[in-house]
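Let me begin by presenting the structure, written as structure tokens, before commenting on it.
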Amino acid sequence: MRKLKVEDFSKIVHVADPQLSPDGKKLALVTVRPMLEENRYQYEILIYDVDTGDALYSISSKEGDQTPKWSPSGKKLLFTSRRGFKEEDKGNAIYLSVLAGEPRLIAKKKEGFSQARFLNESELIAISPTPVRKIDEDGDYVEIRDIQPWFDGLGFIDEYRRQVYLIDVESGLYRQLTTSENDVIYAAPSNSGDKVAYIKRVDKRKPMITEVRVLDIKTGEDFQIVEPKYSFMSVEWSPNDEYLALHGNDMKRGLASHNHIWITSSTTPAKPVNLTEKLNRNTRPAISCDMLGPYRAYSPPQWLEDAIYFIVNDGGRGCLWKVDLSGELECILKGEYAIYNFSIARKSNRIALLKVDAETPPEIYIHEKGSLRKFTHFNDWLKNEVKFSQPHHMKVKVSDGAEVDAWYLEPVEKKKGEKHPVVVFIHGGPKAAYGPVLNFMHQLMAANGYYVLYSNPRGSDGYTEEFADIRGHYGERDYKDIMEVVESFLKSVEDADPGRLGVTGISYGGFMTNWIVTQTDKFRAAVSENGIADWITDFWASDIGYYFDPDQIGGTPMENIDGYIRQSPVYHVKNVKTPILLIHSMEDYRCFIDQSTAFHIALKLYGKESRLIVFKKGSHGHSILAKPRHRKKRYEIVLKYFDEKLGKSRRENSK
């Protein structure tokens with residue numbers, strides 16, 4: 001057995017998006033392989049016989065074949081691809097496969113399609129950005145008339161609105177079904193094949209508020225089912241088309257609100273009923289796992305007979321639950337792992353799952369008749385060849401009486417009598433979580449002689465809404481929780497070196513890293529990635545700043561300038577004593593590049609030690625989504641910096 005190396009990330013096969021055929025006999029899934037030398041990803045859709053495990057068919061190209069969906073009969077499979085598009089081109093195309101011969105092009109659009117699904121055997125629906133006015137054909141400029149001019153990973157968006165389209169399978173002709181003034185964010189076909197339920201935003205100033213509508217394609221009737229008082233992300237029809245299952249929340253705690261499973265009539269406007277309120281957990285996976293790779297799929301709640309199945313985030317574990325129409329809840333699968341995707345075959349009761357645990361990268365599992373079996377084995381080599389550090393779980397009772405979940409990894413190789421440096425990782429969000437799942441970056445640090453400590457402080461997901469709600473109090477109880485976890489860890493682990501502590505995080509984790517170095521000198525090194533330093537400038541520049549920041553910080557900068565300054569690390573830099581490395585990607589529209597440049601400049605003006613690494617490409621999630629060469633360099637940069645400040649070079653210099 002050997003230690004993990006940086007290059008190993010490029011050998012991992014990222015498995016995603018399991019899709020069972022309606023009868024449960026076939027399984028389609030997506031694999032993504034990093035091609036380091038070519039600096040690209042190879043996407044492949046594989047179709048298996050579920051009973052035998054045999055691979056039946058493969059769909060592959062250099063242009064990202066993905067999002068497979070079965071027809072109602074299970075005889076056809078659609079997918080989206082960028083075949084024929086240049087790297088700099090936008091858009092994609094929809095293809096059809098009959099699991100023999102070459103896939104056939106159905107429709108192609110320069111604005112692209114998303115959420116493509118079969119309406120029936122001969123028609124598809126999909127969502128596509130649609131121009132709302134004349135656009136400069138040369139692409140030299142954009143005209144912005146409303147707020148949210150851009151969106152992370154997409155670029156400029158104000159000249160478009162996302163609409164639902166109907167696509168004919170044989171001819172490839174498509175027509176626009178909706179004419180919403182605001183974006184349609186989700187659409188689902190009825191089982192009868194003649195209606196579409198869809199969710200639309202109603203006000204760009206309050207983009208989280210949505211309206212649910214049903215469109216009868218035959219008659220053209222388009223009517224409201226749920227008025228815009230909720231925030232829903234998906235809608236799915238019951239098997240008999242009588243009900244709609246909705247996934248979302250009522251915004252009672254703003255963006256800290258838990259998503260729940262709701263039910264409403266598909267024919268009569270009514271107030272939806274929350275079926276999972278008493279669960280008091282979020283019904284969406286939010287557990288940090290960099291092993292999932294660059295392709296992420298959302299699994300909406302799914303019907304099986306009169307029950308709705310969904311994922312629950314509970315204390316860092318991703319569990320599968322179901323609820324019936326009376327609100328009776330049942331946990332189907334729960335353990336020391338996280339489930340991220342699932343697919344149900346209604347005719348066979350089989351469930352395909354994407355699952356990760358502490359020593360196994362993401363793989364597909366099949367659940368039926370109460371048993372769970374591992375179906376894919378793409379990454380068995382890693383477990384057989386590489387020695388991983390196993391997580392130790394801690395329950396830390398902090399100063400206000402709450403309990404905080406934490407985990408730590410030991411260095412893979414430890415020398416008796418020698419103390420080892422510690423790196424504290426902070427997750428993003430803040431409403432996200434860590435758990436007993438494999439993270440490449442964590443294991444890489446452990447392989448290089450570090451203790452790795454990570455926790456779910458206040459603000460994290462997987463607990464009550466009250467636990468998750470730190471609105472207006474960033475850097476207060478969340479900061480205390482992290483520091484008290486560190487203290488508890490150091491007291492219980494004798495060979496952890498309190499004089500060689502590092503801290504790092506991305507996004508909210510980057511904010512908290514910035515905040516920590518302004519509040520304490522306990523840490524000898526910090527690496528902050530794509531984080532927030534100045535909430536005032538974030539309000540103006542971030543794609544979500546104009547609504548996220550008022551919810552999380554409190555009001556606008558015009559209304560609450562003192563609160564924005566108080567919770568912004570950049571205005572407290574005179575206290576900093578810890579050397580810090582700031583990493584940011586130039587195309588980050590979520591936490592804009594000015595966040596790290598501001599913190600770096602402020603630190604330098606006060607004579608503090610700061611370095612800034614700017615990746616010229618990459619969105620907010622560049623650590624996972626960027627091209628392989630970019631990701632390799634990031635791993636190396638972070639490891640080298642901690643080695644310099646805490647690790648090998650520091651140990652050698654201290655001898």
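The values are calculated or read from the model by the stated rules, or taken from the named source; none is laboratory data. The structure displayed is predicted, hence computed values, not measured ones. Cβ: placed from backbone, ideal geometry, glycine included. Neighbour counts: every protein chain shown. For the accessible areas, the whole protein counts, side chains as well, though only heavy atoms, and no ligand, DNA or RNA atoms are used. Shrake-Rupley method; radii C 1.70, N 1.55, O 1.52, S 1.80 Å.
Counting only helices (runs of 4 or more DSSP H) that sit wholly inside region 443-542, those with at least 2 residues that are closer than 18 Å to Val404 by Cβ are 465-468, 477-492, 508-519. Put simply, of Asn514, Asn530 the only residue that is touching a Cys at 6+ places or on another chain (Cβ under 6 Å) and either of a type in the set (Gly, Ala, Ser) or open to solvent by less than 10 Å² (accessible area, probe 1.4 Å) (or both) is Asn530. Any residue that is touching a strand residue (DSSP E or B) at 6+ places or on another chain (Cβ under 8 Å), farther than 30 Å from Gly618 by Cα and of a type in the set (Phe, Trp, Tyr) - is there at least one of those in region 104-126? Taking every residue of region 104-126 in turn, at least one turns out to be touching a strand residue (DSSP E or B) at 6+ places or on another chain (Cβ under 8 Å), farther than 30 Å from Gly618 by Cα and of a type in the set (Phe, Trp, Tyr).
Does region 266-313 hold any residues that are of a type in the set (Ser, Thr, Tyr), farther than 30 Å from Phe378 by Cβ and either without any contact (Cβ under 8 Å) to a residue 12 or more places away in the chain or open to solvent by 30 Å² or more (accessible area, probe 1.4 Å) (or both), and which are they? Lay out the reasoning, then the answer.
Looking only at region 266-313, we keep the residues that are of a type in the set (Ser, Thr, Tyr), and these are 266-268, 276, 283, 288, 295, 298-299, 309.
Within this subset, residues satisfying the condition of being farther than 30 Å from Phe378 by Cβ are 266-268, 276.
Selection gives Thr267, Thr268.
In the condition set (1) closer than 26 Å to Leu603 by Cα; (2) open to solvent by 10 Å² or more (accessible area, probe 1.4 Å); (3) out of contact with any Phe, Trp or Tyr (no Cβ under 6 Å at 6 or more places or on another chain), Arg471 is compliant with all but (1).
Results for (1) surrounded by fewer than 24 Cβ atoms within 10 Å (Cβ to Cβ); (2) closer than 30 Å to Ser257 by Cα; (3) among the polar types (S, T, N, Q), shown as yes or no for each residue.
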site	(1), (2), (3)
His442	no, yes, no
Tyr454	no, yes, no
Arg477	yes, yes, no
Val493	yes, no, no
Phe523	no, no, no
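Looking across region 314-326, the residues that are farther than 19 Å from Leu372 by Cβ and either touching a Ser or Thr at 6+ places or on another chain (Cβ under 8 Å) or open to solvent by 30 Å² or more (accessible area, probe 1.4 Å) (or both) come down to Val323, Asp324, Leu325, Ser326. Looking only at residues of region 125-160 that are in contact (Cβ under 8 Å) with a residue 40 or more places away in the chain and among the acidic types (Asp, Glu), we find that the one that is most open to solvent (accessible area, probe 1.4 Å) is Asp146.
Tally time: how many residues in region 167-209 are surrounded by 17 or more Cβ atoms within 10 Å (Cβ to Cβ), part of a strand (DSSP E or B) and either among the polar types (S, T, N, Q) or in contact with an Asp or Glu (Cβ under 6 Å, 6 or more places away or on another chain) (or both)? Going through region 167-209 one residue at a time, the tally reaches 4. Selection of region 45-60 for residues being within 25 Å of the chain's Cα centre (by Cα) and surrounded by fewer than 17 Cβ atoms within 10 Å (Cβ to Cβ) yields only Ser60.
Only one entry in Ile637, Ile601 is assigned to a helix (DSSP H, G or I), of a type outside the set (Phe, Trp, Tyr), open to solvent by 70 Å² or more (accessible area, probe 1.4 Å) and free of Cβ contacts under 8 Å to residues at least 60 places away in the same chain, namely Ile601.
Any idea which of Glu111, Glu87, Glu121 is of a type in the set (Asp, Glu) and free of Cβ contacts under 8 Å to residues at least 24 places away in the same chain? Before you say what the answer is, go through the steps one by one.
Values: Glu111 fails: free of Cβ contacts under 8 Å to residues at least 24 places away in the same chain; Glu121 fails: free of Cβ contacts under 8 Å to residues at least 24 places away in the same chain.
Among Glu111, Glu87, Glu121, only Glu87 is of a type in the set (Asp, Glu) and free of Cβ contacts under 8 Å to residues at least 24 places away in the same chain.
Find all pairs meeting these conditions: Cβ atoms under 7 angstrom apart; at least six residues apart or on different chains; first residue within region 8-20 and under 23 Å from Ser299 (Cα atoms); second residue aromatic (Phe, Trp, Tyr) and open to solvent by 10 Å² or more (accessible area, probe 1.4 Å). Final answer for the pair search is Val13/Phe378; His14/Tyr295; Val15/Phe378; Ala16/Tyr295; Gln19/Trp70.
Within region 61-99, which residues are open to solvent by 30 Å² or more (accessible area, probe 1.4 Å), in contact with a Phe, Trp or Tyr (Cβ under 8 Å, 6 or more places away or on another chain) and within 18 Å of Arg296 (Cα to Cα)? Glu63, Gln66, Thr67, Lys69, listed by residue number. Restricting attention to region 612-634, the residues that are open to solvent by less than 30 Å² (accessible area, probe 1.4 Å), closer than 15 Å to Asp8 by Cα and in contact with a Gly (Cβ under 8 Å, 6 or more places away or on another chain) add up to 1.
If we scan region 484-493, do we find a residue that is within 23 Å of the chain's Cα centre (by Cα) and either over 24 Å from Lys574 (Cα atoms) or not β-branched (Val, Ile, Thr) (or both)? Checked against the condition, which is being within 23 Å of the chain's Cα centre (by Cα) and either over 24 Å from Lys574 (Cα atoms) or not β-branched (Val, Ile, Thr) (or both), region 484-493 yields no hits at all. Among the conditions (1) open to solvent by less than 60 Å² (accessible area, probe 1.4 Å); (2) more than 27 Å from the chain's Cα centre (by Cα); (3) closer than 23 Å to Gly220 by Cβ, Gln163 misses just one, which is (2).
Go through region 495-507 and report how many residues are open to solvent by 10 Å² or more (accessible area, probe 1.4 Å) and either β-branched (Val, Ile, Thr) or under 31 Å from the mean Cα position of the chain (by Cα) (or both).
Looking only at region 495-507, we keep the residues that are open to solvent by 10 Å² or more (accessible area, probe 1.4 Å), and these are 495, 497-500, 506-507.
Going one step further and asking which of them are either β-branched (Val, Ile, Thr) or under 31 Å from the mean Cα position of the chain (by Cα) (or both), we end up with 506-507.
Final tally of qualifying residues: 2.
Scan region 22-44 for residues that are without any contact (Cβ under 8 Å) to a residue 24 or more places away in the chain and buried (at least 20 other Cβ atoms within 10 Å of the Cβ) and the total you get is 0. In summary, Ser619 fulfils each of the numbered conditions (1) touching a helix residue (DSSP H, G or I) at 6+ places or on another chain (Cβ under 7 Å); (2) part of a helix (DSSP H, G or I); (3) over 18 Å from Tyr641 (Cα atoms) with the single exception of condition (2).
With respect to the conditions (1) crowded, with 20+ Cβ neighbours inside 10 Å; (2) outside any strand (DSSP E or B); (3) of a type in the set (A, V, I, L, M), Val212 falls short on a single one, namely (2). Here the condition is being in contact with a Pro (Cβ under 8 Å, 6 or more places away or on another chain), surrounded by fewer than 15 Cβ atoms within 10 Å (Cβ to Cβ) and either modelled with pLDDT under 95 or of a type outside the set (A, V, I, L, M) (or both); of Glu652, Glu609, it holds for Glu609 alone. On inspection, Ser488 passes the criterion of being touching a strand residue (DSSP E or B) at 6+ places or on another chain (Cβ under 6 Å), open to solvent by 10 Å² or more (accessible area, probe 1.4 Å) and either modelled with pLDDT of 95 or more or more than 22 Å from Asp551 (Cα to Cα) (or both). Within region 543-598, the set of residues being over 29 Å from the mean Cα position of the chain (by Cα) and in a loop (DSSP other than H, G, I, E, B) comprises Met558, Glu559, Asn560, Val576, Lys577, Thr578, Pro579.
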